Amino acid sequence: MPFVYILGANTPRGPISYVGWTLDLERRLGQHNAGTGARTTRGRVWSLLHSEHFGTREEAMSREWHLKRDRKFRKTVLSTLFTPPTRRGKRARSAASAQR
């Protein structure tokens, strides 16, 4: 049974996502985390954020194509599970210095 999935990982630059399709979801997630998945997923720890089941490979591949282009949906899924790292700007440092 084909699945489309979205993986998420935290990086120093913030959270990133990856979209793919597979027949065996657990095996594929293991491959990504072992570094034997797609080249762009190597060297990171991935979490399964979203998956959908389809009746045929063609349906799954079509949905994958659409999800890869739907950045808004991917950002929504990422934002619900990963919080972006906080950045301390010049104002934050100035205010902290002023309080001393």
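We did not get these values from a lab; they are worked out from the coordinates using the rules stated. Because the structure is a prediction, the values reported are computed rather than measured. Counting neighbours? That spans all protein chains shown, and the Cβs are built from the backbone with ideal geometry, glycine included.
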**Prompt:** When residues of the stretch 25-64 are filtered for being among the acidic types (D, E), touching a residue at least 12 places away in the same chain (Cβ under 8 Å) and either touching a Pro at 6+ places or on another chain (Cβ under 9 Å) or farther than 14 Å from V77 by Cβ (or both), how many remain?
**Reply:** 2
**Request:** Kindly indicate which of R44, R28, R39 is on the phi < 0 side of the Ramachandran plot and loosely packed, with under 12 Cβ neighbours inside 10 Å.
**Result:** R39
